[in-house]
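Participant: Below: one structure in structure tokens.
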Amino acid sequence: MASDETLAVGRRVRHLRTARGLTLDALGRRVGVTSSMLSLVENGRREPRLALLRDLAAALGVTVNELIDPEPPTRRAALEIELDKAQRTSSFQRLGLPALRPGRTLPTPVLEQLVGLHAELARREREAIATPEEARRANTALRVDRQSRDNHFPVLEDLAEEMVRDAGYTSGPLTHRTVWRMAERLGFEIRHVDDLPRSTRTVTDLANGRIYLPPASTPGGHGLRSLALQAMAHRVLGHGLPASYEAFLRQRMEITYFASSCLMPQSAAVDFLAQRKRAKELAIEDFRDAFGVTHEAAAQRFTSLATHHLDIRVHFLRIHEDGSIYRGYANDGLPLPQDVTGAIEGQVVCRRWGVREALDRRDHATESYQYTDTPAGTFWCSTQPGVAPTGRFALAVGVPFSSATWFRGRETQVRRRSTCPDEACCRRPDEGAAARWEDRSWPSARIHQHVFSPLPTGVFPGVDSAEMYAFLDRHAPSSDGA
């Protein structure tokens, strides 16, 4: 029995004993133990054996299951348990303050205040350590874990497959109507509104069974399917309020993976890709078009299926126009640049790589292909540039040379050589240019403010809770007449 459960049992014993007007001595005589022993049990400092639990249950006129119910018997008992838990944390013990035992003479309002203060101290401590470095380390650990699994999560795959099939999916793109049916089966109604809080992508009203989405920006609004599925995933996967960056990032990964698995269900997606592999015509643009998703969504989904089902190791990159990595994954040995924490985000990729050279392309309609010789071997990649509100970007999906035979574009004659991280490869300036300008120029560097930001605080990380709750008030059934 865990310590929290032991404390809950103890408080339940005390509650039942006092409700029946029994003293410690009187109850002790009925069950054959000393009053001091019972006191230890009631205060959660001694775990009762099964035989004693049976005797206590009989003496108090309840069942053993009722006695070991982990739910505190009263609000007061719940507060006492919370205070005890707070005083057992390392952060409290570092203060060197004596622990307070909440005896019967301690007023409940005072107890509530103490528990509230401890909760606020814990929140501030989490905020203090929620630095960009913590986020980078947590994100790196998550990426390493995904790579160790070949970015394949069978439980999420099976759950997504079951839900879309139950909602009527057969093949091809997942329709909006099917997504609506999935929501209905979970007890939700999807509503599109134009006043979502700026800090949210969606808002779910659990009390009234509503998922609020933004209006479609273009006819069809394919991105809205993913947003709705991600909102549903929080409920389907039983997510609670994340208490750390690691928990926050893992939840984001899980809901994104679930939505992707719904939009490109495993059975249909693997059938499609296996056929293309046999024809030696694998192409992300075809995969994208077959399921009606974005190029980036198709590329990331490919990483979760390629190794597990097609026996192809793969890498994926999205970079900004300055060459820095926004998102990446590799289980094929591609030497992604890393900082001292192991993080790849923000690191600049080699100018010789295909994903970097794609930034200079004007044609965004089709993919381009390239082989790149690196210190870790030769890699083939397919690249696709694009434009976002934040600027130009490029996407790449690549594989080792030996696997290029399965892909369209393998015949490309474009080949580059990269020796990065050797600075002589692409980072060291031309000697002549350096001699001309080193002492005659001074750049004003751009600062990315997000590198200084901690994890945003509030009831939900990153969300303006006041704005969100005001939004829910505006749209609740009692205020809109629904």
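Participant: Amide H of H192 versus every other amide H placed in the peptide plane: which residues, excluding those fewer than 5 positions away on the same chain, fall under 5 Å?
Facilitator: Amide H neighbours of H192: L213.
Participant: Rounded to the nearest 5, what % of DSSP beta bridges with both residues in the chain are antiparallel?
Facilitator: Beta bridges within the chain, antiparallel portion: roughly 80 percent.
Participant: Follow-up question, since we're still on this one. Around Q370, which amide H atoms from residues at least 5 apart in sequence, or from another chain, sit under 5 Å from its own amide H, with H modelled in the peptide plane?
Facilitator: Placed amide hydrogens put C381 under 5 Å from Q370.
Participant: Which listed residue (Q251, A78, G10) has the Cα farthest towards the positive end of the charge dipole for the chain, taking +1 on Lys and Arg C-beta and -1 on Asp and Glu C-beta about the Cα centre?
Facilitator: Of the listed residues, the answer is G10.
Participant: Positive end of the dipole of the stretch 23-178, charges at C-beta (+1 Lys, Arg; -1 Asp, Glu), about the Cα centre: which of Y169, A138, A58 has its Cα farthest in that direction?
Facilitator: Farthest towards the positive pole: A58.
Participant: Let a ≥ b ≥ c be the square roots of the eigenvalues of the Cα gyration tensor of the stretch 325-388; is it rounded (a/c under 1.5), or, if not, prolate (a/b larger than b/c) or oblate?
Facilitator: Taking the square roots of the gyration eigenvalues as a ≥ b ≥ c, the stretch 325-388 is oblate.
Participant: If you don't mind, there's one more thing I want to ask. Just how far, in whole angstrom, is the stretch 46-80 from the stretch 3-34 if you go by their alpha carbon centroids?
Facilitator: Answer, in whole Å: 8.
Participant: Report ³J(HN,Hα) in whole Hz for each residue of the stretch 163-168, in order, from the Karplus equation J = 6.51 cos²θ - 1.76 cosθ + 1.60 where θ = phi - 60°; Gly and Pro get x.
Facilitator: 5, 5, 5, 4, 8, x
Participant: Quantify, in whole percent, the carbon and sulfur part of the accessible surface of the chain (1.4 Å probe; protein heavy atoms only).
Facilitator: 52 percent
Participant: Would you mind classifying the stretch 59-185 by shape? Square roots of the alpha carbon gyration tensor eigenvalues, ordered a ≥ b ≥ c; an a/c under 1.5 is rounded, otherwise it is prolate if a/b is larger than b/c and oblate if not.
Facilitator: On the way: a/c = 2.90, a/b = 1.64, b/c = 1.77.
Verdict is oblate for the stretch 59-185.
Participant: Just check the stretch 1-77 against the gyration tensor rule for me: Cα atoms, a ≥ b ≥ c as the square roots of the eigenvalues, rounded for a/c under 1.5, and otherwise prolate or oblate depending on whether a/b exceeds b/c.
Facilitator: Working: a/c = 1.35, a/b = 1.24, b/c = 1.09.
It is rounded, given that a/c, with a ≥ b ≥ c, falls under 1.5.
Participant: Under a 5 Å amide H to amide H cut-off, with H placed in plane at 1.01 Å, what residues pair with V203 once short-range neighbours are removed?
Facilitator: Amide H neighbours of V203, under 5 Å, 5+ apart: Y212.
Participant: What are the ³J(HN,Hα) values, in whole Hz, obtained from phi via the Karplus relation 6.51 cos²θ - 1.76 cosθ + 1.60 with θ = phi - 60°, for each residue of the stretch 421-433 in sequence order, with x given for Gly and Pro?
Facilitator: For the stretch 421-433, the Karplus-derived couplings read x, 4, 5, 5, 5, 8, 9, 7, x, 4, 4, x, 5 Hz, x marking Gly and Pro.
Participant: Quick one: order Y245, Y326 from most to least accessible surface, probe 1.4 Å.
Facilitator: Final ranking, largest accessible area leading: Y326, Y245.
Participant: Quick one: longest stretch of the chain between exposed loop trypsin sites (Lys or Arg not before Pro), exposed meaning at most 10 other C-beta atoms within 10 Å and loop per DSSP?
Facilitator: Numbers: sites that count: R49, R94, R104, R198, R362, R440, R446.
Looking at the chain, 199-361 is the longest stretch - no exposed trypsin sites (Lys or Arg not before Pro) with at most 10 other Cβ atoms within 10 Å.
Participant: How large is the accessible surface per residue of the chain, computed with a 1.4 Å probe and reported in Å² as a whole number? Intermediate values should be presented prior to the final figure.
Facilitator: Details: 25630 Å² over 482 residues.
Value returned for the chain: 53 Å² of accessible area per residue.
Participant: If you don't mind, another one. If the only charges are +1 at each Lys and Arg Cβ and -1 at each Asp and Glu Cβ, what is the size of the charge dipole of the chain around the Cα centre, to the nearest 20 debye?
Facilitator: The calculation lands at about 780 debye.
Participant: Also, quick follow-up: Report relative contact order for the chain in percent, whole number only (criteria: Cα-Cα under 8 Å, sequence separation at least 6).
Facilitator: So the answer I get is 12 percent.
Participant: Further question: Taking θ as phi - 60°, what are the ³J(HN,Hα) couplings along the stretch 6-11 by the Karplus curve (6.51, -1.76, 1.60), each to the nearest whole Hz, with x for Gly and Pro?
Facilitator: 4, 5, 5, 4, x, 5
Participant: Rank these by accessible area, largest first, 1.4 Å probe: D339, D166.
Facilitator: On the way: D339 40, D166 85 Å².
Ranked from most to least accessible, the order is D166, D339.
Participant: While we're on this one: Under 15 Å from the Cβ of A99, count the other residues' Cβ atoms, weight Lys and Arg +1, Asp and Glu -1, and hand me the total.
Facilitator: Taking every other residue near A99 into account, the sum is +2.
Participant: Size of the dipole of the stretch 47-180 about the Cα centre, Lys and Arg at +1 and Asp and Glu at -1 on the beta carbon, nothing else charged, in debye to 20?
Facilitator: 500 debye
The values are calculated or read from the model by the stated rules, or taken from the named source; none is laboratory data. Predicted, not measured: the structure shown is a model, and the values here were computed from it. Cβ atoms come from the backbone with ideal geometry, glycine included; neighbour counts cover every protein chain shown. Each accessible area value is taken on the protein alone, full model and side chains, heavy atoms only, with ligands, DNA and RNA left out. Shrake-Rupley method; radii C 1.70, N 1.55, O 1.52, S 1.80 Å.
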